[in-house]
Amino acid sequence: MLSHFHHHHDVHDCTEALRTALRAHDITLPSLGVDLPGLAGSYAMPLVALGNCNTETARRLTDVLHKAAAAR
């Protein structure tokens, strides 16, 4: 039970960290959140739901990821 409790907090922390990182690049995924069925289920780890976004947001996210990969 403690393990599931830890994952519960971790998925929320991870979701907020991702939201903050995306915001730093002026990117918003409107449906970003915790996958509630995954959180309530008996999966090993709850899931982060990235949700839907329009094509402009998808292109901006793709651009940021390509730039980050090239900087490695």
Non-local amide H neighbours of ALA49 (under 5 Å, H modeled in plane, Pro and chain starts lacking H): which ones?
GLY33, VAL34, ASP35
Taking only protein heavy atoms and a 1.4 Å probe, the highest-to-lowest accessible-area order of LEU50, LEU18 is LEU50, LEU18
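The values are calculated or read from the model by the stated rules, or taken from the named source; none is laboratory data. As the structure is a prediction and not an experimental result, all values here were calculated from the model. Ligands, DNA and RNA are stripped out before the accessible areas are found, and what is left, the full protein with its side chains, is counted by its heavy atoms. Shrake-Rupley method; radii C 1.70, N 1.55, O 1.52, S 1.80 Å.
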